[in-house]
Every structure is written in C-alpha cells, then in structure tokens.
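One structure is given here, and the rest of the page talks about it.
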Amino acid sequence: MTGGAVGIGNAYAQALLTAGWQVSVCDLREAVEDPATFNSEPDRVLGTIADVSDPADVARVIDNTMSGFGRIDALVNNAGVWRETNPTDSLPKTLDDFGAVVGTNLYGEFLFGRAVIPRMIEQGSGGDIVNIATDHMVTCGTPWDVCPRGPQCPFDRAASGFQGPPRPTGGGGSMDLYDISKWALNGLTYAWAKALRPHNIRVNAICMGATDSHMLRGFHNHAPSPEEEASWMKTSDAAEMLMDLLAEGPSGRTGQAMNACIGRPCKLEPAHTQLYVRDEDIA
C-alpha cells in the first residue's frame, strides 16, 4: 500500500487489516511507522518512510515487505499528489511540478508495479494490482451510456448549466499535469492486465472522485464550505469498494477502469464492457 498514512490510503489499510491481511504501508509522513496510525498490532502492519518516485526507496519497501511478511499478494498503488498547474506556467515551475506530480502519480505507480510483478509471478499464486486513478479519466460509467443517472447526480440537472450525461472528463485548465499523470495510468492498467492474465494477476484501476481526504481538503485550502464537504464521498465507502474488488479473486474482473464519482454510489458495480482491450486478450 502506497500513501497510506492519511486519507483514502489510510482507510484502505484499515480495511485490509480488519479483514485479516498483513499490510505493508509506505508514505512520506513519519506517522506511517507508528502502528497506532492503523489501529493495529505491530506484527500485522509494517510502515516505511519512502518516496514512491525514488527507485531505491521502492526497492527498500519491497525488500522490507518480503523480509517481514514473506510474500506480496496485492499492490494498492494509492500515493498521489496534486498541484495547481497551467500550460502558461514558467519553465522552472513546470519542471518542479512535473517531477512532483508525474513523479508520484505515474512514475511511482510504474516503479511499484514493476517491482512487485516479478515477486507475484515467482510466487505462482496470482495476485492483484489496483491503481488508484481519478474520475477525470472516465465519464459516467465508461462507457457513458451505462450511467445510472441517479437523482443525486450533479451532472444531469439543467440548473447546473450542464446538459448530461455524459459527464465531462478532465479537471480543467489548472490540472494539466495531474490529469496527464492519471490518464497515463490507463496505459499501465490495460497493458499489465493483458500481459499478466496468464499468471492470474489481475490489474484494475479505481477512478476515485471527490472523497474526503487530505489531498482534497488541501485543494480547498483546508477550509471547504459545508456544502462542498457534504457532497464528498466517504473514505469508508472507498475502502469497501476496494475490499469487494479484492474479494472477487483470480476469476474476477481485470483491465477495468471503474468510476467512483460524485453522483453515483461509491461501490463496486458490475464489470462494464471493455473499450480499450479485447475481452479475449484478458480472458
């Protein structure tokens, strides 16, 4: 589990521990080394301070995990950062932002996946890789025509100024680096799903929308309006969605980018029709 000290990642870790898993968590925050952060016994959770964009740190986390628990059955690529970026930014700012945002959100997930995959193949018992992406890269069900169009959907109301569905993708002009880092996860998810299906390793992406988390609160300068906060999804629901996905086991879905955006229930829905890979490639 990457980025598990706070927010959605912490909720994921708590849910895994409650379900009986042993969990190795990394984060830049020192709190990751304290079992109390996860309400767990020290022998069931292993915390490592690490930067997911540093190959040496990634190798150290994997080595610590194997030494502590002896195997890796699932990788939850959760660590992520957001910065306000714009194509008109200065080059020095752009380069610094690129290293931070793309380095964490894309390169970090790539590094951890490539480090874990050989271990899972060697174990011979399959496994799961779950890339935590964003609802910016999907739209109302992906494909949009399976959108449930629930009465709570903010994108299906004339009063909102948007005539939908489909809900628009993308996060706007101030999120170009965040969006490219997350859209690129489609490439990892689909390519890995095809390559790893013979090894019973499933690869999926959960495309999380606005969820009450440290990152989202930072987006609102840690002072969201009561109305904004009330609209957010709950980390507990996000964690339940992850656990339901893992519970499917080796015969479950793979190569899916699952939408969890405001306006639809934050829960695991039936697998949708593939858009970017053929069913026979991942069956």
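Taking a point 7 Å out from the Cα of SER125 in the direction of its Cβ, the residues of the stretch 181-203 whose backbone N falls within less than 20 Å of it are 196-203.
Treat the count of other C-beta atoms within 10 Å as a stand-in for reagent exposure and order ILE201, ILE49, ILE62 from fewest to most. Show your work: numbers first, answer last.
Details: ILE201 24, ILE49 16, ILE62 21.
Fewest-to-most ranking of ILE201, ILE49, ILE62: ILE49, ILE62, ILE201.
With the highest mean first, a sort of the peptides 93-106, 267-280, 76-89 on other beta-carbon atoms found within 10 angstrom per residue produces 76-89, 93-106, 267-280. Across the cross-link table entries LYS93/LYS182; LYS93/LYS234; LYS194/LYS267, which are compared at the Cα atoms, the separations over 29 Å belong to LYS93/LYS234.
Laboratory data are not the source of any read-out in this text; all were calculated from the coordinates shown. Everything quoted here is computed from the prediction, not taken from an experiment. Using ideal geometry, Cβ is built from the backbone for each residue, glycine included, and neighbour counts are taken over all protein chains shown.
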